[in-house]
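Here the structure comes first, spelled out in structure tokens, and everything after it is commentary.
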Protein chains: 2
Amino acid sequence: MKGIKVVLLAVFVACAAVFPLGAQEAPRALPVPETVSPELAHLIAAGPFAQWNTHPTTAAEWKAWAASLAEAASRELPALRERLGVDMEQGDIGGVPVFIFPPKDLPEANRDRILLNLHGGGYVLGQGESGTAEAIMMAGIGKFRVVYADYRLAPDFPYPAAIDDAVSVYRGLLETTPAERIGVFGTSTGGAMTLILTLRARAEGLPLPAAIAPGTPWTDLTKTGDSYFVNEGVDNVLISYDGWLSEAARVYAGGHDLKDPMLSPVYGDVSNFPPTLLTSGTRDLFLSNTVRMHLKLRQAGVPADLIVFEGLSHAQYHMALMPEATFHFTELGRFFGRNLR
Amino acid sequence: MKGIKVVLLAVFVACAAVFPLGAQEAPRALPVPETVSPELAHLIAAGPFAQWNTHPTTAAEWKAWAASLAEAASRELPALRERLGVDMEQGDIGGVPVFIFPPKDLPEANRDRILLNLHGGGYVLGQGESGTAEAIMMAGIGKFRVVYADYRLAPDFPYPAAIDDAVSVYRGLLETTPAERIGVFGTSTGGAMTLILTLRARAEGLPLPAAIAPGTPWTDLTKTGDSYFVNEGVDNVLISYDGWLSEAARVYAGGHDLKDPMLSPVYGDVSNFPPTLLTSGTRDLFLSNTVRMHLKLRQAGVPADLIVFEGLSHAQYHMALMPEATFHFTELGRFFGRNLR
């Protein structure tokens, strides 16, 4: 891997580089797949995210941890925007702060289309600008104008604050743009919120977005799903449900039933959902979260597509500029291009 | 699981029931997923296929082993045909013996359409009628007339005998049915042959089938692919590449380069392939064989769909009559219904 310059973007990887490795459970010894890009091979070989087993016990501890991760993640963002030719504007929509990412070379066909991005981070991470790498990559590679919702986070703002904010932004967008020209996407928690927003839109009588792309969505906040077990210690981003992730589920839910579809959308009624594209990886701790949702959508007759990347752990498709990222955001661009008016 | 009557169909499971478990490597201890059907949960809980680590050393040993598995697998087939309302005819097409499975209630729309089925079994198993469970289920559940090619097997007939026979049947079908009305599908080795047949058809100037559905295809005969490692000891059908599977690759290839696209189609040029539907499972040893092929097809611009079943090991979707099987063959029926003229 020597000599390969990898641009690392996401909070987890940035921090794996910053902090010494110290996972309490060693991951299984597995060879790095031969056929992935050198950049992805580098991410796979980097070992586990050192802080996966963090267990904050107070709001202050959560916020200190989230702030340290946000700072590390934010450092690379100006260079990423520059490299991908993406501008950034700040504002608010529906009373919620947003970042807007217009690509400098927005295609004519996408001029009146908007994508809403909901970031990941377990409802506790990704504050402010720090979670915008995915939005920037979608704008720069997929060539859409992307609106990024800086929704409120737990533990200060537990359920339903985050999804309320996402719905408020969606309502705000509908004032200027018809739903047939709006797509929604996000990764991990943002993937789950993409699905929950669609459930909420239907429940509230709003028109549904024209298409949605939940990437490796956290569709089940309980430890239900085969890959929570099979890929435990295999996924080098999340490593295990039993680390910070289970704590995040708890503090966000704030006592609500974790299997409520508004928290775990795999238990929701997805009939008449719009075309959906899901993404995961063979090492993803959320592979089952993804494929269970995919099967449920297909069983409901929804046109739902699935892409699973070779060797990829959770959400790594937006953690570096690499061929897999280019492929992912190009596919999303094609998908939204086909399905938005 | 008590009280559940599971109809076990495929060679591996049938034999796991016949022989005491005796795998040399214990599988990883993993809970049975909670959300799969009771029948699939039963297959998952049944433990590893006892004979995965068989290493025949002579043609006679191969044939004795294949015959014993074929006998066990064949026993359930008449009841399966009866239950699914499927007839069986024997004949030959293009000089190759075939079994033909017309459903008793063939829909009018499918009257002039044909599906060619290529069975699995590592190019060494599935002789005669013994590999027909998948063809019967496709006919009975998916409601198509299915032609099953009883192609020649290794070690007596190494590469390219099997694929030559498959191509001969395809050529024979073209004499009465236009390619736009022909689909090809198969599982495991049969999934790989489905892809290789398409490569061969193009190379020989034949029209390509209208659509293909390779299920968990053996697209790489070498031990290349992340799930060969991650799902080793997790998949309870194949368990490991290093058992009978690697021996089968060797005796079929007969000295040819295992990475030749005619043996490992993931290395082939798939541009202009017809619409393709691939299937795998989260525990499948061939998950990477499947997703690597899927990504390659999408990169070539082929409309390629992927379904990954929760908790499923290799090819289990055709190993019992269960909701996952109904879903699989219904999806295949819809897929071919959409894509065949």
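Bear in mind that the values in this text are calculations on the coordinates, not laboratory data. None of these values were measured; they are calculated from a predicted model. Cβ atoms come from the backbone with ideal geometry, glycine included; neighbour counts cover every protein chain shown.
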Return a whole-number percent for the relative contact order of chain A, with Cα pairs under 8 Å and 6 or more residues apart as the contact set. 20
Nonlocal amide H pairs with residue A:257, under 5 Å, H built at 1.01 Å: none
Treating the beta-carbon of each Lys and Arg as +1 and of each Asp and Glu as -1, no other charges, what is the dipole magnitude of the range B:240-337 about its Cα centre, to the nearest 20 debye? 160
For the range A:33-63, which GluC sites (Glu not before Pro) are in a loop by DSSP, counting at most 15 other Cβ atoms within 10 Å? A:34
Which whole number gives the average, over all residues in A:225-236, of C-beta atoms from other chains lying within 10 Å of the residue C-beta? 5
Quick one: which residues, 5 or more positions from residue B:320 or on another chain, have an amide H under 5 Å from its amide H? H modelled 1.01 Å from N in the peptide plane, none for Pro or chain starts. B:9
Using a simple charge model, +1 on the beta-carbon of Lys and Arg, -1 on the beta-carbon of Asp and Glu, nothing else, what dipole does chain A show about its Cα centre, in debye to the nearest 20? 560
For residue A:60 and residue B:67, FRET efficiency with R0 = 56 Å and r from the beta-carbon atoms, rounded to 0.05? 0.20
Using only C-alpha positions, report the orientation-averaged shadow area of the convex hull of the protein assembly as shown, nm², one decimal. 29.1
Using alpha-carbon positions, what is the distance between the centroids of the range B:102-179 and the range A:180-198, in Å? 42
To the nearest Å, what is the center-to-center distance of the range A:260-321 and the range B:273-341, using C-alpha atoms only? 15
Order of B:298, A:152 - criterion: other Cβ atoms within 10 Å of each residue's Cβ, fewest first: A:152, B:298
In the protein assembly as shown, taking the dipole from +1 charges on Lys and Arg beta carbons and -1 charges on Asp and Glu beta carbons about the Cα centre, the listed residue (B:177, A:308, B:336) farthest towards the positive end is B:177
Inter-copy label distances at residue B:204 (7 Å, Cα→Cβ; nm, one decimal): 6.0
Suppose we consider the axis relating copy A to copy B; can you name the residue of A with the nearest Cβ and state that distance in angstrom as an integer? A:306, 2
Taking residue B:157 in one copy and the same position in all the others, each labelled 7 Å out along Cα→Cβ, what are the pairwise distances from the first, in nm, shortest first? 6.8
How shielded is B:283-295 by partner chains, expressed as the average number of their Cβ atoms within 10 Å of its Cβ atoms? 4
Calculated FRET value between residue A:104 and residue A:164, using beta carbons and R₀ = 41 Å, to 0.05: 0.80
Inter-copy label distances at residue A:38, 7 Å along the Cα→beta-carbon direction, one decimal in nm, shortest first? 5.6
Over all residues in B:272-281, what is the mean tally of Cβ atoms on other chains that come within 10 Å of each residue's Cβ? 1
Restricted to the protein assembly as shown, the DSSP antiparallel beta bridge percent, nearest 5, is 35
Amide H contacts under 5 Å for residue B:305, restricted to residues at least 5 apart in sequence or on another chain and with H modeled in the peptide plane, are B:276, B:277, B:278
Model label zone, residue B:260; criterion: amide N under 17 Å from point 7 Å along Cα-to-beta-carbon; scope the range B:208-244: B:219-222
Most exposed first by the Cβ proxy, i.e. fewest other Cβ within 10 Å, how do A:88, A:319 rank? A:88, A:319
For the pairs A:104/B:296; A:104/A:143; A:296/B:296; B:223/B:259; A:259/A:296; B:63/B:223, flag any whose C-alpha to C-alpha distance is greater than 19 Å. A:104/B:296; A:296/B:296; B:63/B:223
Can you work out ³J(HN,Hα) from phi for every residue in the range B:177-185, in order, using Karplus 6.51 cos²θ - 1.76 cosθ + 1.60 and θ = phi - 60°, giving whole Hz and x for Gly and Pro? 9, x, 4, 5, 10, 10, x, 10, 8
So if I place +1 on the C-beta of Lys and Arg and -1 on the C-beta of Asp and Glu, and nothing else carries charge, what would the dipole magnitude of the protein assembly as shown be about its Cα centre? I want it in debye, nearest 20. 880
How would you rank B:115, A:80, going from fewest to most other Cβ atoms within 10 Å of each one's own Cβ? A:80, B:115
I need the GluC sites (Glu not before Pro) found in the range A:126-187, filtered to DSSP loop residues with at most 11 other beta carbons within 10 Å of theirs. A:175
Calculate for chain A the 222 nm mean residue ellipticity that helices alone would give, adding -39,500 (n - 2.57) per DSSP H run of length 4 or more and normalising by residue count, nearest 500 deg cm²/dmol. -10500 deg cm²/dmol
From the phi angles alone, apply the Karplus equation (6.51, -1.76, 1.60; θ = phi - 60°) to the range B:329-335 and give each ³J(HN,Hα) in whole Hz, x where the residue is Gly or Pro. 6, 5, 4, 4, x, 5, 4
Using each residue's phi in the range A:35-42, evaluate 6.51 cos²θ - 1.76 cosθ + 1.60 at θ = phi - 60° and report the 3J(HN,Hα) Karplus result to the nearest Hz, with x for Gly and Pro. 9, 7, 5, x, 5, 5, 4, 4
Taking the dipole about the Cα centre of the protein assembly as shown, with the C-beta of Lys and Arg at +1 and of Asp and Glu at -1, give me whichever of A:271, B:210, A:55 is farthest to the positive side. B:210
